1. On the basis of being out of contact with any Phe, Trp or Tyr (no Cβ under 9 Å at 6 or more places or on another chain) and over 21 Å from ALA44 (Cβ atoms), does ALA242 make the cut?
2. Confirm whether ILE201 is surrounded by 20 or more Cβ atoms within 10 Å (Cβ to Cβ), of a type in the set (A, V, I, L, M, F, W, C) and under 27 Å from THR410 (Cα atoms).
3. Within the stretch 371-390, is there a residue that is farther than 22 Å from ILE204 by Cα and hydrophobic (A, V, I, L, M, F, W, C)?
4. In the stretch 125-174, how many residues are among the basic types (Lys, Arg) and over 19 Å from GLU397 (Cα atoms)?
5. Working only within the stretch 390-413, note down all residues that are of a type in the set (Asp, Glu) and at pLDDT 85 or above.
6. Only helices (runs of 4 or more DSSP H) wholly contained in the stretch 321-424 count here; list those with 1 or more residues that are surrounded by fewer than 21 Cβ atoms within 10 Å (Cβ to Cβ) and in contact (Cβ under 8 Å) with a residue 60 or more places away in the chain.
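The values are calculated or read from the model by the stated rules, or taken from the named source; none is laboratory data. Please read all numbers here as calculations on a predicted model, not as lab measurements. Note that each Cβ is placed from the backbone with ideal geometry, even for glycine, and that neighbours are counted across all protein chains shown.
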Amino acid sequence: MSFGPTYVRDGDIGLRPSVRARPRHGIKKETLVRLLLTGIFYVALLRATGMWYGYPSNFDDGASVDPLPQKLMLYSLIPLIGFYGILEPNRFLAFFRGIPLLVGIVIFSIVVSFFGSLDFGASVRGAAAVGLLALGPLLFRLRYGNEETLRLLANFAIFSAFANILYTAAFPRFGIMGGSLAGAVKGLFYHKNTMGQFSAICFIVLISHRLPSPRLRYSGLLRTIAIVLTLVLIVVSLSSTAVVMVAIGLATIVGLKMMENIRHSMARAFIVLFLCLLIGFAGSIAYLGVAQAVAEAFGKDLTLSGRSDIWEQVIPLIYDRPIFGYGFATFRQADIVEEYVRLGHTVRSLHNTYLEICLNIGIPGFLCWIAFLLTRIFKKIAAVYRSHQLQTVQAKEVALILLVMIGAMTEAGMMLAPIGLWPVLVSVLPMRTEPVVPPPSRRRLLSKGPGGRRSPRRPQPALGE
């Protein structure tokens, strides 16, 4: 046996076609999937916020709004999501197999509520819209993890800040409200409260606990300007709820940042439980004074601009149909709300998401949904990660969930509705933190393992999970 080099003729040397074809095909498919899911996410955000040109400044003048652009955006999600299901059928089906039990009960309550619905067509259309706007963000989150999801939310927040400021400056007759809400800025949104609350969410997404870098970067400068613009939008929207959301969001992030030194998940859990009880007790005592101060600052009173009068009339309706409600999305219909709520002025909304859910799908479905949100918050707070970046992202996710739940106290359609902050909420609910496939920028972190094979440096897992 010879151990010397073996020489072959030049004509016998060639490249293996399979070695070249596989990486090229894989990169093309991964790029296509990423572009597709990114586009779906952005379309879902744009459709849910309802930002568009030409909304009337005064809703009392009977001006009509063309629903065609919003419908086209919603219906375009059907072929896009279907195309992704064709590209990755196994992962697409695995998403449905991983639905939590509490969410499954909520879905069951929604479907059963169809049979006793006051408006069957509205219930079916509403459920389909909620599912479409939730599916896109969830697919992206489960595919690429929470850091990439937050990055996309930050990009959309920057776009929203600049777009609303420029639109209001260019078209003040559309961007500034008239009538009883004269002077409040709504920008590209349908209502000034929606813009204020979404701007509060954008502020929390964009804000960083770190000091600005001394090196001037255009991306950092753009982000800083967007943060300032979101604060301006919150102020000019004259939304007291948005101000409260910003304050609570900042307090949540700071509090969770201080807890990073506690590395034991059970200890964090007990501390969180104790703080919740303490803050709840203290908050119940100080609520009236704080609420009065905030309300007076925006020219309102403690009746929350007449919202309490609406709630007093609809609460008894819950006990008439406590199990499955009046049908999903029923009390988002303006004509049905006007039928059951009798005040001196026209009422188009219940101004409370929790009452809306109880009336739509019943008390059991409502309790399961709230239990799911609270358990998710508790798990995210109790989880301990070795990476400080993951800890920061998790803190922002907890803050965003809390902000949506707080905004739902004074506004309708904040949860289980195809409007407002629904895609933002569902994108931060999953517990998965790491992407299924590393993004292209992280592939250079591959290191050689035993036997000379290249193996990825896997992310550090969460402790206590």
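1. Numbers: out of contact with any Phe, Trp or Tyr (no Cβ under 9 Å at 6 or more places or on another chain): no; over 21 Å from ALA44 (Cβ atoms): yes.
When the stated conditions are applied, ALA242 does not pass them.
2. Values: surrounded by 20 or more Cβ atoms within 10 Å (Cβ to Cβ): yes; of a type in the set (A, V, I, L, M, F, W, C): yes; under 27 Å from THR410 (Cα atoms): yes.
So ILE201 fits the description; yes.
3. yes
4. First pass over the stretch 125-174, keeping only residues among the basic types (Lys, Arg): 125, 141, 143, 151, 173.
Applying the additional criterion that residues be over 19 Å from GLU397 (Cα atoms) yields 125, 173.
Final tally of qualifying residues: 2.
5. Start the filter on the stretch 390-413 by keeping residues that are of a type in the set (Asp, Glu), which leaves 397, 411.
Selection gives GLU397 alone.
6. Working: elements: 334-340, 353-361, 363-382, 388-407.
It comes to 334-340, 363-382, 388-407.
So that you can scan it fast, the table gives a plain yes or no per residue for (1) surrounded by 23 or more Cβ atoms within 10 Å (Cβ to Cβ); (2) of a type outside the set (D, E, K, R); (3) in contact with a Cys (Cβ under 7 Å, 6 or more places away or on another chain):
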| residue | (1), (2), (3) |
| --- | --- |
| ASP119 | no, no, no |
| VAL124 | no, yes, no |
| VAL130 | no, yes, no |
| LEU138 | no, yes, no |
| LEU150 | no, yes, no |
| SER160 | yes, yes, yes |
| ASN164 | yes, yes, no |
| THR168 | no, yes, no |
| PRO172 | no, yes, no |
